[in-house]
1. Looking at the chain, do any whole DSSP H helices span at least 27 angstrom along their long axis by alpha carbon and average 0.0 or above on Kyte-Doolittle, and which?
2. Give the long-range amide H neighbours of residue 87: residues separated by 5 or more places, or on another chain, with amide H under 5 Å away, using H modelled in the peptide plane at 1.01 Å from N.
3. For the chain, give the share of DSSP beta bridges that are antiparallel, in percent and rounded to the nearest 5; count only bridges with both residues there.
4. Could you work out the relative contact order of the chain, using alpha carbon pairs under 8 angstrom and six or more residues apart, expressed as a whole percent?
5. Once label points are set 7 Å from the Cα along Cα→Cβ at both residue 266 and residue 344, what is their separation, rounded to one decimal in nm?
6. Under 5 Å between amide H atoms, partner at least 5 residues away or on a different chain: which partners does residue 300 have, H built in plane at 1.01 Å?
7. From the list (i) 21.1, 67; (ii) 20.4, 63; (iii) 22.9, 98, can you say which value of Rg and Dmax of the Cα atoms in Å was derived from the structure given?
8. So how compact is segment 139-248: Cα radius of gyration and Dmax in angstrom?
Amino acid sequence: MKNKCLVKSIKKAAVVIVALLFTPLCMAQQSGRAEADVLGKDEVAVFITIGQSNADGSAFADEDEDGRLSAWYDNPDTNPGLTKIWYRSCHIVNQADGARWVFDGTTDVAPGWLDLYYKNDNKRGKTMMNMIHGYGTWSDGAAGRRGMEGEFGMRFQQAFPGRELYIVKLGCSGSKIETWASDSDSHNWDYFYDNIYKPAIDDLLSKGKKPRLAGIWWMQGEANGADTKEYYLPMLKRLIGKCRDSLGFPDAHVYIGHIVKPGESLTNPEASVQYGQGVRDAQDAITDREGADFVPNVTVIDGRECPFDNDNLHWGHVGINKIGEKIAAEVISDGRGGGWATFCPSTYNDNKAKDRMARQ
């Protein structure tokens, strides 16, 4: 009897041990299935970047960072080439009233999807879309700056191997929120919508791809540093509403770059030189769940630990890549949780029709 009990105990223990040994494998398989299911049939991820210079990317090249990124991007074993960015030659022109507007630039490459890269190499079919202030991506010095999309795209692909990602980006250095959000000066929004966004989305749709929005990165505020919260807050809320009403993604998740306070940066105590308390207060207000101005589905990305360049205004290459890492972590987590916004064709088509009528 004792022997039988002993045999049963041994068998039971063996079953438990086998279960414990296979649990991690099962969890990994389930995780793999969950990651594979973040997108439905024919769905592709889309990510949007808009704003001023820190959205565009004004970081000078860093040898170590370039080496790290090129080791991944230039290796076909690690980079499957599934991440694209919509390119259009454009540059910035200062206006008499102080506004900064985007216009078409010298055409070096026809508008369309290029391979995402960590720097501009347009003529070879790869870029990260950086206009470098007044000079377009087509200029000789355009390869000298870096944006966060290189880091972001790499981490996205590592998290979701085999999945396509399409980035739609327009950053206008020194541009105020008005030219993105207001009716009186909507030039940059109109350029983005007409020349970057609609052609990109229409191209995906024409190929039978169903866009799924992984998020919108809005990095702007230094140009409005002198404005009060009472002025900037309605503009910011209007911009978020504009994105959700006009782009075909009513549930768009918006990620906002927190403007770093002077003394708050962990590496550059003098940053940031164009800080505005009103902008920061507005950013905090829309993400305060207990406040009257709370806007759902908005996340602030903090940049205190991200090193600045010597100008104490723009993030350096290490800093901008840290931003890309932080945004990617949020986007990846949101995607695994099923939180990416679903495309609404009727809303998108309705807004295209309204846009055509407004221009007639």
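1. Passing helices, by number: 2-36.
2. For residue 87, the qualifying residues are 112, 113, 114.
3. On the way: 15 of 43 bridges.
Taking every DSSP beta bridge within the chain, about 35 percent pair in antiparallel fashion.
4. The value is 20 percent.
5. Modelled inter-label distance: 3.9 nm.
6. 256
7. Correct label, based on the coordinates given: (iii).
8. Expressed in Å, the Cα Rg and Dmax of segment 139-248 come to 16.0, 46.
Bear in mind that the values in this text are calculations on the coordinates, not laboratory data. In this text, all values refer to a predicted model and were calculated from it rather than measured experimentally. Positions of Cβ are backbone-derived with ideal geometry, glycine not excepted, and every protein chain shown enters the neighbour counts.
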